[in-house]
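The values are calculated or read from the model by the stated rules, or taken from the named source; none is laboratory data. Nothing here was measured: the structure is a model prediction, and the numbers come from that model. Quick reminder, even Gly has a Cβ in these numbers, built from the backbone with ideal geometry, and neighbours come from all protein chains shown. Remember, those area values only see protein heavy atoms, side chains included, never the ligands or the DNA or RNA. Shrake-Rupley method; radii C 1.70, N 1.55, O 1.52, S 1.80 Å.
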Amino acid sequence: MESTGEPQFSALATMSGEPAASAGAYADRDCPLLCQRLAEHLAVAADMVAVGGSVAELALLITLTFLSEGGTMLVTGAPASAYETAAAAVGARMRTTPLRHYRVAVAAVAASLADNVNLAFIANPADPSGTALGAAEVFQLITAAQENGALVVFDETRLDFADPGTGYPLAAIGASRQAIVVRAFSPAWGPAVVPVAYAVGDAALIARLRSTRNSLPFSVSPAAQRAAVAAIGDLTFTGAMRERTAKARDQLCRRLTDIGVEPVQSVTNYVMVPGIRGSGVVAARLAADHGIQVHDLADCGFPDCLRITVGEPEDMDRFCQAFAKVLAPPPAPAYDAATLFNGNVGAHIVFALQDLGIWELLSAGPASLARLSARAGTAPDLLRALMEVAARFGYVEIGDDVARLSRSGRELVLSRGFFTWAVGGYGALLRALPGLATGKLAWGRDVRRDEEKVASGSAQVGAELMTSVETRVLAGLEFTSVADIGCGDGSRLVRLCGGEPRRRGLGLDISLAACGMATGRVAGAGLADLVAIRRENIFEPGNKVVFRGFDLVSSFLMLHDLFTLYGDGRLVVRALRSAFPDARYFLLADTSAYPWAWHEGPLPIFSLEFELVHAFMGVKILPRETYEQAFRESGLEIARCEPLGVPSTWLYLLRVGD
């Protein structure tokens with residue numbers, strides 16, 4: 001849905017009553033009558049207005065006119081494909097400035113305009129949150145553009161739904177030669193009724209834009225022009241539409257608050273709702289169970305967020321009732337005794353075969369049991385016993401004393417690191433649960449984890465499930481040096497420093513066993529001259545060690561320990577920044593508390609044991625919001641947040657703020 005209400009106005013009559021011959025006729029590309037009517041409506045000169053068929057068309061024309069090959073375009077929020085297409089058309093680079101607290105990060109955009117950005121598209125209202133710029137923010141952006149010779153374009157596609165006093169950029173256009181405002185009729189009137197968009201700016205800018213348009217096969221049909229002129233004259237509809245939207249939006253926000261959900265305060269015809277754990281599942285259930293469509297914003301870089309289009313008041317009531325039902329905690333699943341018992345056996349079989357190297361051998365192809373036994377150094381009859389149990393679980397197939405992975409086995413191998421971590425790393429803790437629970441045993445004194453197995457299991461999971469996400473997040477990021485805190489076996493450092501270009505690296509870990517593995521791996525990769533491994537705890541009170549000259553600092557899966565140890569996550573993040581004062585980016589990943597309240601179906605791998613063992617270690621697993629608040633309050637901006645392949649685990653690319 002776009003506007004809240006059926007368009008019963010002269011524009012619809014104009015389009016529906018247009019003769020076929022006239023509708024297909026060639027148009028005057030300058031659209032003089034439409035430009036004049038728009039100018040009168042907006043209180044600007046007619047030579048300050050240019051018309052196009054859509055905002056995407058105008059974005060392309062603006063880019064072709066004002067951006068050259070090798071230049072840089074900046075967009076805010078979730079980048080639209082239209083901007084990406086436009087940048088690619090001229091061979092320009094594209095940067096994205098993420099929203100900050102769901103608003104345009106004005107200070108960051110202004111700084112970018114001073115850092116070789118030639119053209120910036122600013123969504124106002126912001127996409128996908130619907131928040132609007134204030135007058136002072138608009139002035140700051142236009143001033144930055146003027147001081148640096150850049151052009152800023154305010155994409156106000158959905159501003160028709162906001163209070164008329166929200167359009168600050170348009171009011172500032174007359175005093176600036178470095179700004180353009182783009183708007184469209186289609187969100188309010190419907191693209192089939194009025195397929196017209198328009199740009200407003202300094203006459204000299206608009207003249208150049210018109211020149212580009214006239215050299216290309218772009219035009220607005222006579223029918224669309226007449227419909228737009230009729231729409232401009234039908235102010236009754238736009239006023240009523242805006243009033244209905246505001247009323248329904250306010251009602252929606254109140255109802256969301258009533259059911260315990262806090263929406264972002266929007267000025268347009270959609271509302272963003274953050275903090276919805278498993279947002280994709282929630283959206284799917286709303287569609288399947290209630291026939292209601294909402295937009296899961298994970299694909300826009302906003303995981304655990306939904307966007308709801310504002311409809312009629314009765315539609316909003318129906319949505320909120322359905323939403324409350326979907327968010328209600330489901331009953332816990334029951335697992336029978338045989339499943340629990342055999343699952344324990346299976347976990348130990350998977351770990352044993354991984355520790356013996358059998359999974360790696362079978363991944364290379366079928367092998368005889370005799371060869372596997374010889375390579376693993378086991379008694380032949382005992383290896384056969386292990387393999388026969390694995391076959392009963394369906395992970396291997398044995399015929400003529402030759403073993404091969406089944407389809408399920410090939411899938412299992414990708415997750416084998418979980419079993420190294422769980423059984424090998426924390427098996428002693430699990431066996432000691434009664435003693436730890438009664439206090440007869442103490443964690444760290446009587447019971448310890450196997451640090452080497454924890455490190456190697458984590459590395460296996462990272463290689464199979466996390467590396468592709470890490471690579472995608474770091475693509476295009478320029479850095480010449482990297483420090484990895486809690487480096488484990490050194491796999492990440494070898495990956496980041498051993499490619500092209502070569503990079504300087506530093507690995508820190510408090511585990512002697514992990515440092516030993518990392519040193520060996522770095523040496524084996526021929527990187528000993530570039531990468532140093534050091535046993536160091538930069539978070540230890542009183543440790544003032546400083547490492548200079550590192551662009552990127554990474555740390556995976558250790559923040560939960562540190563946040564618990566120091567009580568205040570901000571102290572941890574600030575200690576990290578103090579130890580690496582030259583860092584421009586931080587790549588931090590961790591597992592947050594699983595959203596059990598919204599879980600349905602089979603239990604996920606990893607999460608139950610992760611939270612259980614940490615409870616017995618005295619470590620609280622925190623919600624995502626706690627991490628994100630600590631980042632922001634320590635001066636780091638969230639540039640990207642991506643699911644990291646493991647349940648409830650997230651990868652953050654953080655940028656040092658202004």
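Observations on the structure shown:
- Close pairs (6 angstrom Cβ cut-off, 6 or more residues apart or separate chains): over 20 Å from Leu530 (Cα atoms) in region 473-487, open to solvent by 20 Å² or more (accessible area, probe 1.4 Å) and not in a loop (DSSP other than H, G, I, E, B) anywhere: Val473/Arg640; Val473/Glu642
- Exclusive hit being of a type in the set (Ser, Thr, Tyr), open to solvent by 60 Å² or more (accessible area, probe 1.4 Å) and assigned to a helix (DSSP H, G or I), set Thr238, Thr257: Thr257
- Contacts under 6 angstrom Cβ, first residue in region 271-285 being at positive phi, partner in a loop (DSSP other than H, G, I, E, B), 6 or more apart: Gly278/Pro595
- Residue within region 528-540 that is in a helix (DSSP H, G or I), under 30 Å from Ser607 (Cα atoms) and open to solvent by 40 Å² or more (accessible area, probe 1.4 Å) present: no
- Residue list for region 248-271, filter: polar (S, T, N, Q), closer than 23 Å to Asn124 by Cβ and out of contact with any helix residue (DSSP H, G or I) (no Cβ under 6 Å at 6 or more places or on another chain): Gln265, Ser266
- Some residue of region 399-420 being closer than 15 Å to Gln460 by Cβ, free of Cβ contacts under 8 Å to residues at least 40 places away in the same chain, in contact with a Gly (Cβ under 9 Å, 6 or more places away or on another chain) and of a type outside the set (Lys, Arg): no
- Criterion violated by Gly549 - all others in (1) open to solvent by 40 Å² or more (accessible area, probe 1.4 Å); (2) part of a loop (DSSP other than H, G, I, E, B) satisfied: (1)
- Test result for Asp561, among the acidic types (Asp, Glu) and not in a loop (DSSP other than H, G, I, E, B): yes
- Residue under evaluation Ser279, criteria (1) in contact with a Leu (Cβ under 6 Å, 6 or more places away or on another chain); (2) under 14 Å from Ser129 (Cβ atoms); (3) not aliphatic (A, V, I, L, M), criterion not met: (2)
- In region 65-103, the residues that are farther than 21 Å from Val656 by Cβ, of a type in the set (Ser, Thr, Tyr) and touching a residue at least 40 places away in the same chain (Cβ under 8 Å): Thr65, Ser68
- Of the residues making up region 609-656, those that are among the charged types (D, E, K, R) and either open to solvent by 40 Å² or more (accessible area, probe 1.4 Å) or at positive phi (or both) number 8.
- Contact map, region 421-443: residues that are within 14 Å of Phe606 (Cα to Cα) paired with residues that are open to solvent by less than 10 Å² (accessible area, probe 1.4 Å) and modelled with pLDDT of 95 or more, Cβ distance under 6 Å, separation 6+ or inter-chain. Pairs shown: Tyr426/Val613.
- The listed residues are Glu609, Glu625, and the only one of them that is under 21 Å from Ser415 (Cα atoms) and either part of a helix (DSSP H, G or I) or among the polar types (S, T, N, Q) (or both) turns out to be Glu609.
- Qualifying residues in region 304-356 (those that are among the basic types (Lys, Arg) and without any contact (Cβ under 8 Å) to a residue 60 or more places away in the chain) - the one surrounded by the fewest Cβ atoms within 10 Å (Cβ to Cβ): Lys325
- Any hit, region 568-582, residues being part of a helix (DSSP H, G or I), of a type in the set (A, V, I, L, M, F, W, C), under 30 Å from Gly343 (Cα atoms) and open to solvent by 20 Å² or more (accessible area, probe 1.4 Å): no
- Counting only strands (runs of 3 or more DSSP E) that sit wholly inside region 370-485, those with at least 2 residues that are open to solvent by 30 Å² or more (accessible area, probe 1.4 Å) and more than 16 Å from Val613 (Cα to Cα) are 396-399, 402-405.
- Within region 286-298, considering residues that are free of Cβ contacts under 8 Å to residues at least 24 places away in the same chain and over 25 Å from Phe161 (Cα atoms), the one farthest from the chain's Cα centre (by Cα): Gly291
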